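A.B. asks: Dropping a structure here in structure tokens format, bear with me for questions.
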Amino acid sequence: MDKQVCFVTGASKGLGLSLVKKLLAGGYRVAATSRNVDELQNAVGVRTEGFLPLAVKLTEEESVAAAITKTIAHFGSLDVVVNNAGYGLLGALEELSDADARQNFDVNVFGSINVIRKALPQMREQRSGHILNIASIGGFTGAFPGFGIYCATKFAVHGFSESLAEEVRPFGIHVTVVSPGYFRTNFLEDSSLNVPVNAIDAYQNVRESQKIHQESYNGNQPGDPDKAAALMIEVAGMPEPPVHLFLGQDAYELAEAKIRAVQKDMASMQVSATSTGFSETLFS
């Protein structure tokens, strides 16, 4: 990845900020986005020709297109895109409004797709590039009460990333979907985790999940974001990177549990489920 140009969204905090700092320290050229460019600049703390901070609204195609254009004009190429921007949404499906759900999809899913759509023409022209889409272990297993919509957005990231990997393979472009477990960032803080305005008392399991995440997990997550950032940089430099990257021991354990559960369900229904095709009719 020597001197490659990296475009990182959601870079003013959390994993995105750790990644931008490591990239800049390693001599990479970095365009980074946030809704507030001053906040981003202050968080990164450096001012060099190799760092281009950009104020971008990911849900607006024109804003995204302008950012990609500025990046290519400033650095001359675009090699690695990291779709990191997103936020958490906690609440039972019944508790969350249509607007709540759609907004989470707009940012977590369609914001990333906007970036991909605008970045691909440059990558196809140069016949190289790597797109890393930050999903979550909650995009592989949805067994988290109160995180149904958030998990749905991250399942969507998994889905479109797998299809995208096949679509762009002929152009020499790689795609990796990154599924972190619990990393010690501000994801579980009020600024990054939305909660329902009108909670329903009957959902005690959701309230318990909310309390555990906000009071027990927050600040005690086992994952080190700096180590995660270093591994992502390593993966982006591989000639044949993985399509799926699970980050953290907890992510591996949860993924393996999901795989075992699916295999158990498949085995229990295999005979019946595989006999649902048309029966062959023999004519004498």
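The values are calculated or read from the model by the stated rules, or taken from the named source; none is laboratory data. Everything quoted here is computed from the prediction, not taken from an experiment. Glycine gets a Cβ as well: all are built from the backbone with ideal geometry, and neighbour counts include every protein chain shown. What goes into the accessible areas is simple: the full protein's heavy atoms, side chains included, and nothing from ligands, DNA or RNA. Shrake-Rupley method; radii C 1.70, N 1.55, O 1.52, S 1.80 Å.
A.B. asks: Is there a residue being touching a residue at least 24 places away in the same chain (Cβ under 8 Å), open to solvent by 30 Å² or more (accessible area, probe 1.4 Å) and assigned to a strand (DSSP E or B) anywhere in region 26-39?
C.D. replies: Yes: one or more hits.
A.B. asks: What is the residue count in region 118-150 for residues that are within 29 Å of LEU90 (Cα to Cα) and not polar (S, T, N, Q)?
C.D. replies: 17
A.B. asks: Sticking with this structure for a sec: Checking the conditions here, which among LEU58, LEU78, LEU89 is at pLDDT below 95, among the aliphatic types (A, V, I, L, M), crowded, with 19+ Cβ neighbours inside 10 Å and at negative phi? Please lay out each step first, then the result.
C.D. replies: Details: LEU58 fails: at pLDDT below 95; LEU78 fails: at pLDDT below 95.
The match here is LEU89.
A.B. asks: Another question, then. Which of the helices (runs of 4 or more DSSP H) contained wholly in region 180-284 include at least 3 residues that are modelled with pLDDT of 95 or more and within 25 Å of ALA43 (Cα to Cα)? Reasoning before the result, please.
C.D. replies: Values: elements: 204-211, 225-236, 249-273.
The helices (runs of 4 or more DSSP H) meeting that bar are 225-236.
A.B. asks: Only one of these conditions is not met by LYS70: (1) charged (D, E, K, R); (2) more than 21 Å from LEU120 (Cα to Cα); (3) modelled with pLDDT of 95 or more. Which number is it?
C.D. replies: LYS70 satisfies all of (1) charged (D, E, K, R); (2) more than 21 Å from LEU120 (Cα to Cα); (3) modelled with pLDDT of 95 or more except (2).
A.B. asks: Mind checking which residues of region 69-118 are under 25 Å from ALA143 (Cβ atoms), touching a strand residue (DSSP E or B) at 6+ places or on another chain (Cβ under 9 Å) and in a helix (DSSP H, G or I)?
C.D. replies: Listed by number, the residues that qualify are ASP100, ALA101, GLN103, ASN104, ASN108, SER112.
A.B. asks: Are any residues in region 30-82 over 16 Å from ALA119 (Cα atoms) and of a type in the set (Lys, Arg), and if so, which ones?
C.D. replies: Within region 30-82, ARG35, ARG47 meet the criteria.
A.B. asks: Sort out which residues of region 126-170 are of a type outside the set (A, V, I, L, M, F, W, C), under 22 Å from MET232 (Cβ atoms) and either under 11 Å from the mean Cα position of the chain (by Cα) or buried (at least 18 other Cβ atoms within 10 Å of the Cβ) (or both), and write them in order of number.
C.D. replies: GLY129, HIS130, ASN133, SER136, GLY138, GLY139, THR141, TYR150, THR153, LYS154, HIS158, SER161
A.B. asks: If you don't mind, another one. Which of the residues that make up region 139-175 are assigned to a helix (DSSP H, G or I), under 25 Å from ILE212 (Cβ atoms) and touching a Lys or Arg at 6+ places or on another chain (Cβ under 6 Å)?
C.D. replies: Residue satisfying the conditions is GLY139 alone.
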